[in-house]
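See below for the structure under consideration.
The values are calculated or read from the model by the stated rules, or taken from the named source; none is laboratory data. These figures come from a predicted structure and were not determined experimentally. All Cβ positions, glycine included, derive from the backbone under ideal geometry; neighbour counts span all protein chains shown.
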Amino acid sequence: MAAAAHESYLIVGAGIFGISTAYHLIRSRPDASVTVVDRDAFDADSRVAASWDWNKVMRADYDDPLYCELALEAQDMFTSDALWKPFFHQTGLYWMCGRDYARDCISNFERLGRGHDMAVWPVDEARNMFGGLFSESDYTHVEQVLVNKASGWVAAGDCLRAITRVAMDLGVRYVAEEVATLRFDRDGTCVGVQTAAGGKLHGSHVILCTGAFTPKLLELSAAHSGMSDLRAESRILAGGITTGMAKLDDEALARFSDMPVGIQGYTAKKAPFVGSLPPTKDGELKWWGQKIFRNTNEVVPGRYISTPPAEADYAQWEISEKLKEDILSVSSVFYGREALTWKLEKHRICWDAFTTSSDFIISPHAASKGLYIATCGSFHGFKFFPVIGKYVVKMLEGSLAAPLAEKWAWDRERPDPSMNPDWPSMEMRELLDPVRTSRL
Ligand SMILES: Cc1cc2nc3c(=O)[nH]c(=O)nc-3n(C[C@H](O)[C@H](O)[C@H](O)COP(=O)(O)OP(=O)(O)OC[C@H]3O[C@@H](n4cnc5c(N)ncnc54)[C@H](O)[C@@H]3O)c2cc1C
């Protein structure tokens with residue numbers, strides 16, 4: 001489709017939502033002006049994006065029919081498209097879950113005629129699968145094990161960098177600058193952004209793909225413009241989760257090299273879901289923790305919301321002992337006593353934007369013409385990287401199918417957060433190391 005001469009797209013945030021949008025926009029409108037602005041260079045050694053990571057799980061095992069279908073669409077790209085294929089490792093997935101969850105996943109796959117890769121096993125039989133790697137796992141509250149041979153994991157950071165480069169080769173402009181606030185004209189139409197360095201970037205369409213920073217950027221923009229309806233309020237919450245990695249020795253690496261992704265969650269007891277990812281190219285096994293937290297602080301006088309820590313790198317490498325213990329306990333949930341012999345050498349806190357329903361928000365912002373939101377991965381967004389931008393483009397065109405537009409709307413009814421086992425309910429300050437003070 002040709003772009004109208006006055007149309008320009010300014011995408012704030014170069015995680016998977018932003019880059020997928022840029023990629024699909026420039027492919028569908030090669031003449032359009034498409035700019036991505038992010039505080040970090042796309043090839044920086046360290047980035048704050050949740051999408052920038054060693055690896056992420058790619059699975060279509062969803063009890064929600066819509067995400068199941070969307071994830072299958074993304075998985076098909078990872079398995080068949082030369083652009084995406086090099087980053088996907090189709091190791092299979094071993095999911096210790098509840099009976100209801102397994103049943104709903106299976107029925108989604110069967111409805112779509114895709115059930116052949118998936119089976120459910122009683123716990124006793126499943127323990128012996130994959131060379132007994134999960135024989136020492138903690139199966140408390142686990143009713144069944146769902147095994148999907150078609151799932152796996154993606155080398156996330158490598159994939160993000162490569163697709164960004166492709167988008168730039170196709171004509172997308174990348175600006176590495178921090179955005180301080182949104183800019184509006186006299187009618188309240190969003191016309192661009194002001195950067196922290198004082199520069200101005202213009203766009204007839206400004207699309208916020210800013211992940212966990214989104215509520216803060218909207219608060220700052222509301223305070224700056226006086227447009228209080230810009231605020232995210234209870235729609236979006238910034239939440240953090242710790243990840244940790246252990247380097248395996250040669251003997252362990254040989255046993256674990258062909259392992260599937262391990263997940264435990266949505267069991268009979270509604271605990272958050274935790275996971276173990278197969279060794280990376282550097283022979284490191286990764287887990288994510290079960291403590292999911294917020295960081296509430298005053299962003300403008302009298303306004304308290306959860307944000308990533310104020311440091312430029314979100315203080316993502318500063319991990320308290322309590323959060324390291326969280327990873328240790330998750331590693332033994334999967335591998336029992338053997339996990340205690342491994343040294344956890346790398347940790348990171350990863351920040352994402354959450355909604356109470358775990359649905360994304362892909363929608364015009366109700367308070368300002370020209371402003372759009374496309375983010376809220378809610379801890380499961382990465383896998384949709386190959387396709388999500390296509391849906392963002394449809395939203396921009398106003399052609400998103402009604403069920404998707406309703407599910408991803410800025411304004412919709414949202415469930416109570418207590419229904420969501422992954423909701424960030426703890427405060428980060430409760431999980432920090434005690435500060436020792438001396439009176440001597
Ligand atoms: C620990 C953890 C594990 C996960 N595991 C999986 C998994 O296995 N599988 C899966 O599918 N999903 C997983 N997810 C979820 C997934 O990573 C996220 O949902 C997804 O990456 C979010 O993408 P995004 O583009 O919305 O945000 P991000 O990737 O966070 O990108 C936002 C970008 O916006 C930029 N930005 C923000 N504010 C500004 C500003 N003011 N100025 C300039 N730039 C700005 C940031 O620098 C960043 O690059 C996980 C998430 C976490 C936290």
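Quick notes
- Residue among SER228, SER204, SER276, SER221 that is in contact with a helix residue (DSSP H, G or I) (Cβ under 7 Å, 6 or more places away or on another chain), closer than 30 Å to CYS159 by Cα and hydroxyl-bearing (Ser, Thr, Tyr): SER276
- Taken together, the criteria exclude TYR9 from residues that are within 19 Å of the chain's Cα centre (by Cα) and either among the aromatic types (Phe, Trp, Tyr) or modelled with pLDDT under 95 (or both).
- Flag if LEU340 is more than 14 Å from the ligand (Cβ to nearest atom) and without any contact (Cβ under 8 Å) to a residue 24 or more places away in the chain: yes
- Cβ-Cβ under 8 Å pairs, at least 6 apart or on other chains, the range 247-269 side free of Cβ contacts under 8 Å to residues at least 60 places away in the same chain, far side crowded, with 18+ Cβ neighbours inside 10 Å: LEU253/PRO279; SER257/PRO278; SER257/PRO279
- For MET77, the stated conditions hold: it is touching a Phe, Trp or Tyr at 6+ places or on another chain (Cβ under 9 Å), more than 9 Å from the ligand (Cβ to nearest atom), part of a helix (DSSP H, G or I) and among the aliphatic types (A, V, I, L, M).
- Test for ASN148: is it more than 22 Å from TYR391 (Cβ to Cβ) and crowded, with 21+ Cβ neighbours inside 10 Å: yes
- If you check SER399, SER378 for being of a type outside the set (Phe, Trp, Tyr) and on the phi > 0 side of the Ramachandran plot, only one passes: SER378.
- Of all residues in the range 45-68 being surrounded by fewer than 21 Cβ atoms within 10 Å (Cβ to Cβ) and without any contact (Cβ under 8 Å) to a residue 60 or more places away in the chain, the one that is farthest from the ligand (Cβ to nearest atom): PRO65
- Among the residues of the range 356-378, those that are within 11 Å of the ligand (Cβ to nearest atom), surrounded by 21 or more Cβ atoms within 10 Å (Cβ to Cβ) and either at pLDDT below 95 or in a loop (DSSP other than H, G, I, E, B) (or both) comprise PHE360, CYS376, GLY377, SER378.
- Residues that are of a type in the set (Val, Ile, Thr) and more than 15 Å from the ligand (Cβ to nearest atom) were ranked within the range 136-171; the one that is nearest to MET58 (Cα to Cα) is VAL147.
- Pick from the range 23-33, criterion within 16 Å of LYS394 (Cβ to Cβ) and in contact with a Phe, Trp or Tyr (Cβ under 8 Å, 6 or more places away or on another chain), ranking: nearest to the ligand (Cβ to nearest atom): LEU25
- Among the conditions (1) over 19 Å from the mean Cα position of the chain (by Cα); (2) within 23 Å of VAL48 (Cα to Cα); (3) small (Gly, Ala, Ser), SER332 misses just one, which is (2).
- Condition met for ALA82 (among the small types (Gly, Ala, Ser), surrounded by 18 or more Cβ atoms within 10 Å (Cβ to Cβ) and either free of Cβ contacts under 8 Å to residues at least 24 places away in the same chain or within 11 Å of the ligand (Cβ to nearest atom) (or both)): no
- Some residue of the range 383-402 being hydroxyl-bearing (Ser, Thr, Tyr) and within 16 Å of the ligand (Cβ to nearest atom): yes
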